[in-house]
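Visitor: Here's a structure for you.
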Amino acid sequence: MASYSEYLKIAESERLIARLEVYLDLDGAFEPGVLGLATRDARQWGPRLRCFAPQKTMDGFIAEVVKDLPPFVVYGSGDFHHLTAAFLRKTRTPFTLVSFDNHPDWDVRPPYWACGGWMKRALELPNLRRAVVWGCGNFELNWPARMFGSRGVEVFAWKERYPKRGRITHDNWRSEFIRFAESAGDVYVTVDVDCLRDAVTNWENGLFTAGDVSWAISILRNVIGGDICGAYSKPVYERRRQAFAAEWDHPKTPPPDPERARAINTAALQAIWPALSSRP
């Protein structure tokens with residue numbers, strides 16, 4: 001039986017964890033309180049931010065929401081992945097950005113804040129040492145789409161998907177990642193669960209398993225912050241132009257059953273989140 005002092009230590013540990021992580025609910029991708037996380041309701045922002053957002057809207061979101069977020073965040077669909085570039089502004093030390101994603105998100109074209117081009121915002125940060133994406137298997141790796149990709153982003157793509165562009169296979173990717181991790185230094189990790197074969201998303205799926213990504217994060221020596229996004233949610237938009245462009249860009253697949261999608265994605269989150277947030 002634990003002593004009173006031990007209970008105090010446990011309580012303090014739980015308070016510390018609460019200060020370090022949060023579920024930012026933009027779109028109902030997960031149930032409130034998923035994994036026991038404190039939930040911040042930001043659903044009023046979801047339609048305004050989805051897929052891409054005007055500078056004024058992002059400025060308001062950063063001032064009202066991002067400034068108070070802890071270093072580890074779970075949030076919604078991959079349609080919001082550009083928010084990671086806003087989260088990164090809170091990182092003050094030199095760091096390497098490690099992204100697990102089926103897409104490179106490296107498009108240099110407008111809009112300024114967009115889920116498919118948020119890497120260009122990350123590359124503007126003076127303390128970013130390196131930006132690396134693991135697990136890509138998307139058409140953007142090939143011409144002509146590749147013409148619009150940022151040269152500042154390193155991509156470890158699947159040879160199984162793109163033999164000419166790919167750098168990793170199921171047989172060698174772990175050894176490649178170990179070599180990478182040895183020199184990564186301080187890292188910020190972002191996971192878009194569309195990098196997984198066993199997730200339900202608004203985009204195309206990759207080839208990792210949740211166990212693969214959990215293992216990779218666990219061998220990174222100093223994770224100073226991170227986020228997980230990419231779980232499916234029903235698209236809701238504020239602006240007509242935003243809705244038109246977003247629907248045109250998305251894969252044309254029938255919508256999944258929301259309850260089944262949430263259950264599958266919660267299981268993936270349960271596998272990955274402890275490795276990212278370093279909880280026992």
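Visitor: Would the range 35-44 turn up any residue that is surrounded by 14 or more Cβ atoms within 10 Å (Cβ to Cβ), modelled with pLDDT of 95 or more and on the phi > 0 side of the Ramachandran plot?
Guide: Yes, because at least one residue in the range 35-44 is surrounded by 14 or more Cβ atoms within 10 Å (Cβ to Cβ), modelled with pLDDT of 95 or more and on the phi > 0 side of the Ramachandran plot.
Visitor: So if I check each of Val200, Val213, which one is in contact with a helix residue (DSSP H, G or I) (Cβ under 6 Å, 6 or more places away or on another chain), part of a helix (DSSP H, G or I) and either buried (at least 24 other Cβ atoms within 10 Å of the Cβ) or modelled with pLDDT of 95 or more (or both)?
Guide: Only one candidate qualifies: Val213.
Visitor: When the residues of the range 45-84 are filtered to those that are surrounded by 23 or more Cβ atoms within 10 Å (Cβ to Cβ) and among the polar types (S, T, N, Q), which remaining residue is farthest from Glu31 (Cα to Cα)?
Guide: Applying the filter and picking the extreme gives Thr84.
Visitor: Pick from the range 96-145 the residues that are among the acidic types (Asp, Glu) and under 15 Å from the mean Cα position of the chain (by Cα): which of them is nearest to Ala245 (Cα to Cα)?
Guide: Only one residue fits best here, namely Asp105.
Visitor: Could I ask something else about it? Confirm whether Trp248 is modelled with pLDDT of 90 or more and surrounded by fewer than 17 Cβ atoms within 10 Å (Cβ to Cβ).
Guide: The answer is no for Trp248.
Visitor: Name the pairs whose Cβ atoms lie under 8 Å apart, with the first residue in the range 31-59 and under 20 Å from Arg109 (Cα atoms) and touching a residue at least 60 places away in the same chain (Cβ under 8 Å), the second of a type outside the set (A, V, I, L, M) and part of a strand (DSSP E or B), and 6 or more positions between them or separate chains?
Guide: Phe52/Trp113; Ala53/Trp113
Visitor: Which residue out of Arg151, Arg165, Arg146, Arg174 is in a helix (DSSP H, G or I), basic (Lys, Arg) and at pLDDT below 95?
Guide: Arg146
Visitor: Mind telling me which of the residues Asp79, Asp105 ends up being in contact with a His (Cβ under 9 Å, 6 or more places away or on another chain) and either outside any helix (DSSP H, G or I) or of a type in the set (Lys, Arg) (or both)?
Guide: After applying the criteria, what remains is Asp105.
Visitor: Can you go through Thr169, Thr201, Thr209 and tell me which one is closer than 30 Å to Thr253 by Cα and in contact (Cβ under 8 Å) with a residue 24 or more places away in the chain?
Guide: Thr201
Visitor: If I go through the range 229-245 residue by residue, how many of them are aromatic (Phe, Trp, Tyr) and under 25 Å from Phe100 (Cα atoms)?
Guide: Number satisfying all stated conditions: 1.
Visitor: Sticking with this one: Enumerate the pairs (first residue in the range 242-270 and within 17 Å of Asp198 (Cβ to Cβ) and free of Cβ contacts under 8 Å to residues at least 12 places away in the same chain; second residue anywhere and acidic (Asp, Glu) and assigned to a loop (DSSP other than H, G, I, E, B)) with beta-carbon separation below 6 Å, excluding pairs fewer than 6 apart on the same chain, so at least 6 apart or on different chains.
Guide: Within 6 Å, no pair qualifies.
The values are calculated or read from the model by the stated rules, or taken from the named source; none is laboratory data. Values in this document were obtained by computation on a predicted structure and should not be read as measured data. So basically every Cβ, Gly included, is an ideal-geometry build from the backbone, and we count neighbours across all protein chains shown.
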